[in-house]
Every structure is written in C-alpha cells, then in structure tokens.
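First the structure, in the form of structure tokens, and then the observations on it.
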Amino acid sequence: MTRMSNDQFNDDRYCIACGANNPQGLHLSFHWEGDDYVCDFVPQRVHQGWAGVVHGGIVATLLDEGMNHMLCYNFGPVVTAELNVRYRKPTRVGVPVRVRARSTGQRKRLHNAEAEVVLADGTVVASATAKFMQVEGSLSPGRAHDPKNV
C-alpha cells in the first residue's frame, strides 16, 4: 500500500460537500449550537435516487461532512477511516433537513463522532457513527478553528 503524501490533504475549497469554489457542490455551511455542529440543507431534485427520495449517498455525505467538518474545526485536518450509516426513513426532495454532529471521543490521532439528519419536527431520518484519522495538511480560512466563529 502506498503512503499518501501530506500535500494531498490541503483544502482548496473544492470539496463536493462544503467547497465554496465547487460549482456542483452542496455548499454546506456549519455553525455551533451548544455542543452540536449543525447545518441546514434543502435537498433538490438533482440529489434524488428514486423519484422524490434523496439518494442514500447524498445523505451519507451530509452525515460524513458534518462530523469531518466539526473535527477539522476543532483539531485540524482529518480523513474518514470508518463510516456506519443507519437509514431510518426516506429523506424527501425539497424537505428541509438539519445535520447535527458531535464528537464522542479521541484516542491519540483517532477521533470518534456521531451525526444525524433530522426533520424540522425532530424526526431522525438517518444517523451515523464514524472514526476519523488526524492527518497533516492545511485548511482554508473558516474551516480551521477561529474563536470568531464560535
């Protein structure tokens, strides 16, 4: 297995989930609410799998990005090592959802986190647990910890 070089983990703001420079990206924007790192998102038809239902890969991306973005903010660059998703209900196109992520622990460079995608009434449509490995690299302004963003 080839070891990846550090320069592969630099943020050029082209992330499919949060990258401001990616014209086809989801353009997710997160903020803190208590201990939760949250993002509001309205899935569109271009995000569907079955008619009217958001593709499971998009839902998994929301969950993964919530946890990843939160950990990057707190600890610097991380990459997903393991992601476990539980789909509870179909996520509907055009229906606003909120992503909530939180840290659940750390052991050296390995971080644990959990996240959920919820409807406005609090119904959980999907949840995830994951492990992330801290890596060397750089983040763009706004992704790295900045006390003004708290």
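The values are calculated or read from the model by the stated rules, or taken from the named source; none is laboratory data. Please read all numbers here as calculations on a predicted model, not as lab measurements. Here the Cβ is made from the backbone with ideal geometry for all residues, glycine too, and neighbour counts use every protein chain on show.
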### Task
Quick one: SER29 ticks every box in (1) closer than 16 Å to VAL125 by Cα; (2) at pLDDT below 95; (3) of a type in the set (Ser, Thr, Tyr) except a single one, so which number is it?
(1)
### Task
Among the residues of segment 31-49, write down those that are under 12 Å from the mean Cα position of the chain (by Cα) and free of Cβ contacts under 8 Å to residues at least 60 places away in the same chain.
ASP40, PHE41
## Note on the structure
Only unsatisfied item for CYS72, checking (1) modelled with pLDDT under 95; (2) of a type in the set (A, V, I, L, M, F, W, C); (3) touching a Ser or Thr at 6+ places or on another chain (Cβ under 7 Å), is (3)
### Task
Assess whether VAL85 counts as being hydrophobic (A, V, I, L, M, F, W, C), in contact with a strand residue (DSSP E or B) (Cβ under 9 Å, 6 or more places away or on another chain), over 18 Å from PHE9 (Cα atoms) and free of Cβ contacts under 8 Å to residues at least 40 places away in the same chain.
no
### Query
Here are VAL99, VAL95, VAL117: which of them is assigned to a loop (DSSP other than H, G, I, E, B) and touching a residue at least 12 places away in the same chain (Cβ under 8 Å)?
VAL95
### Message
So in segment 2-20, with the set limited to residues that are at pLDDT 70 or above and outside any loop (DSSP other than H, G, I, E, B), which one is surrounded by the fewest Cβ atoms within 10 Å (Cβ to Cβ)?
### Response
ASN10
### Task
Taking the options VAL59, VAL78, name whichever one is among the hydrophobic types (A, V, I, L, M, F, W, C), at negative phi, buried (at least 20 other Cβ atoms within 10 Å of the Cβ) and modelled with pLDDT of 95 or more.
VAL59
#### Entry: Per-region count, segment 53-77, residues part of a strand (DSSP E or B) and closer than 16 Å to LEU28 by Cβ
1
### Task
For residues that are among the polar types (S, T, N, Q) and within 13 Å of MET70 (Cα to Cα), tally how many sit in segment 13-42.
1
